[in-house]
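*Asks:* A single structure is presented below for examination.
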């Protein structure tokens with residue numbers, strides 16, 4: 001999967017980017033038609049605490065749609081794990097909805113051909 005990584009207002013460590021890439025590549029085991037994605041790494045703007053929370057936004061592109069998740073954690077690794085779990089459930093929902101639509105289309109197509117065949121038999 002081809003991912004574009006964007007670190008907003010800071011320079012991300014290459015090891016962190018590699019970690020995120022490896023984690024998100026696991027999504028292809030759930031759905032192999034993922035075409036690409038974008039990852040945004042940000043630091044939380046809240047000034048009340050010295051240790052800033054990390055925000056990870058992931059946009060995954062699939063045929064006929066996009067999946068998006070935004071997670072916050074004490075580290076980018078923690079946020080990546082949370083985002084991965086959220087994306088897994090989104091992919092499963094996306095696949096099941098898509099299968100329902102395909103099954104309905106197939107059933108409609110089959111019932112339509114059966115009706116045509118009955119009409120042809122009656123005319124003969």
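The values are calculated or read from the model by the stated rules, or taken from the named source; none is laboratory data. Computed from a prediction, not measured in an experiment: that's the story for all the values here. Cβ coordinates were reconstructed from backbone atoms using ideal geometry, including for glycine residues, and neighbour counts include every protein chain displayed.
*Asks:* Name every residue in the stretch 3-27 that is within 20 Å of residue 88 (Cα to Cα) and exposed (fewer than 14 other Cβ atoms within 10 Å of the Cβ), in order of residue number.
*Replies:* Scanning the stretch 3-27 gives 4, 18, 22, 25, 26.
*Asks:* Among the numbered criteria (1) in a helix (DSSP H, G or I); (2) touching a helix residue (DSSP H, G or I) at 6+ places or on another chain (Cβ under 7 Å), which one does residue 86 miss?
*Replies:* Unmet condition: (2).
*Asks:* Is there a residue in the stretch 90-110 that is exposed (fewer than 15 other Cβ atoms within 10 Å of the Cβ) and not in a helix (DSSP H, G or I)? Break it down stepwise before answering.
*Replies:* If we filter the stretch 90-110 for residues that are exposed (fewer than 15 other Cβ atoms within 10 Å of the Cβ), which is where we start, we get 92-93, 95-97, 99-110.
Filter once more, keeping what is not in a helix (DSSP H, G or I): none.
Checking the stretch 90-110: not a single residue is exposed (fewer than 15 other Cβ atoms within 10 Å of the Cβ) and not in a helix (DSSP H, G or I).
*Asks:* Might you check whether a residue that is buried (at least 16 other Cβ atoms within 10 Å of the Cβ), touching a residue at least 24 places away in the same chain (Cβ under 8 Å) and closer than 22 Å to residue 2 by Cα occurs anywhere in the stretch 62-73?
*Replies:* yes
*Asks:* Further question on the same structure: Taking interchain pairs and intrachain pairs at least six residues apart, which have beta carbon atoms under 7 angstrom, with the first residue in the stretch 90-107 and within 14 Å of residue 33 (Cα to Cα) and the second part of a helix (DSSP H, G or I) and modelled with pLDDT of 90 or more?
*Replies:* Filtered contacts from the stretch 90-107: 91/27.
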